[in-house]
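Here the structure comes first, spelled out in C-alpha cells, and everything after it is commentary.
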Amino acid sequence: MAARGLTDLSVERELLSEGFDYVIGVDEVGRGALAGPVSVGVALFDLRTLTAAEVPAGIHDSKQLSAQSRQEATDRVRSWATAAAVGSTTPAELDEVGMTMALNLAGRRGMISMLREWADARSDGHGSGGSERNGSGRDDINAAAASARDFPGRTMVLLDGRHDWLSAPLTLDCLGIFGDCVDLELPPVRTVIKGDGSVPAIAAASIVAKVARDETMIALAEAHPHYGWESNVGYGTVKHRQGITELGPCIHHRRSFRLTADSGAKEGLS
C-alpha cells in the first residue's frame, strides 16, 4: 500500500507567524552507499502561498514511497515549489574531506542551483509555484537578490535530522574543492528529527534528491554492470560487495568506506 501523503503544515505556519517569508526544505540521500554521489535536495517555498493551499497528493518521506510514486511525486514537487534543485558531491571529494563536509558541499551546490533556477524562472516571467505575486514588487526585488546568490526575504532552512551539517564551519582542507560555494552565505538553519516524514517542505526535498540520485546510479550501471547499481543504487547489497571482491572498486566507489568484509576502512552511516 502506498504511503499516505503529508498534510500537516503546522511547522511552516509557525515560521510564517514568526515573520519568515520563505522556507527551504533540505534532505540528503546516499550517505550510507558504497558508491556514487552523496546528494542533497533543496526545495524553496513562499510561506504565504504554501500555507494557503493543501499539500499535493503523495508528498512524503521518499523512503516511504515506491519508485513509481516517487517519480510522480517529484513532478508534483517541481510544479508546487517556488524552486527545487539537487546538489551532489563526488566519491573522490567525499574521500578527501569526509562525510560532514561532503554533505555541506552538496547542500551548498544545491542551494546555488536552486537560486539560479528561481532567478531564471523569474526572468522568463513564469516562475513556478508561488513566485508570481500581486504586483507588490517584493518578489521582483527578491529575484534580483537571487541572481546575486542571496536568499530571498526572511528565509529559514529546515534540515532533516539531528545534526546541522549544512552550516558546519568549513575546514581548511575543504577550501580547494568548494570553489565559489565557500562564499555562499546561508540562511539560519533549524534541524527537524525525522522531518522528512513529518514536514512537507523537507519531504519535498527528500523526494527530488532520491529521484535524482537513483537516476544517476541507474545510468552509471550501464557502464559498470557487475555491481547491481540498477537495483541497489550503490548501497552495500550482497551482489554489490561480490562485484567489488571479484573486480575491485571502480572510480565511482568511496575508497574511505569499508567496501568488502576484509577492508579496514570505515563505512559510512546509513
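Inspect all residues belonging to the stretch 32-50 and state whether any of them is closer than 17 Å to Val199 by Cβ, among the basic types (Lys, Arg) and open to solvent by 10 Å² or more (accessible area, probe 1.4 Å).
No - not one qualifying residue is present in the stretch 32-50.
At least 1 residues that are more than 15 Å from Asp27 (Cα to Cα), modelled with pLDDT of 85 or more and open to solvent by less than 70 Å² (accessible area, probe 1.4 Å) in each: list the helices (runs of 4 or more DSSP H) lying fully within the stretch 89-200 that qualify.
Per the criteria, 91-97, 99-124, 175-178.
Six or more apart or on different chains, Cβ under 7 Å: which pairs go from a residue in the stretch 208-229 that's within 21 Å of Val86 (Cβ to Cβ) to one that's aromatic (Phe, Trp, Tyr) and open to solvent by less than 10 Å² (accessible area, probe 1.4 Å)? Could you list them?
Taking only residues 6 or more apart or on different chains, the pairs are Met217/Trp229; Ile218/Trp229; Leu220/Trp229; Ala221/Trp229.
Out of all the residues in the stretch 77-98, which are under 15 Å from the mean Cα position of the chain (by Cα) and closer than 13 Å to Val38 by Cβ?
Answer for the stretch 77-98, where residues must be under 15 Å from the mean Cα position of the chain (by Cα) and closer than 13 Å to Val38 by Cβ: Val86, Gly87, Ser88, Thr89, Thr90.
Kindly provide the set of residues from the stretch 11-26 that are open to solvent by 10 Å² or more (accessible area, probe 1.4 Å) and either on the phi > 0 side of the Ramachandran plot or not basic (Lys, Arg) (or both), ordered by number.
If the condition is that a residue be open to solvent by 10 Å² or more (accessible area, probe 1.4 Å) and either on the phi > 0 side of the Ramachandran plot or not basic (Lys, Arg) (or both), then Val11, Glu14, Leu16, Ser17, Glu18, Gly19, Phe20, Asp21 are the ones that fit.
Assess whether Asp27 counts as being assigned to a strand (DSSP E or B) and under 30 Å from Arg254 (Cα atoms).
So Asp27 passes the test.
The values are calculated or read from the model by the stated rules, or taken from the named source; none is laboratory data. This one's a predicted model, so the numbers in the text were calculated from it and none came from an experiment. Neighbour counts run over all protein chains shown; Cβ positions are idealised from the backbone, glycine included. SASA here: full protein model, heavy atoms, side chains in, ligands and nucleic acids out. Shrake-Rupley method; radii C 1.70, N 1.55, O 1.52, S 1.80 Å.
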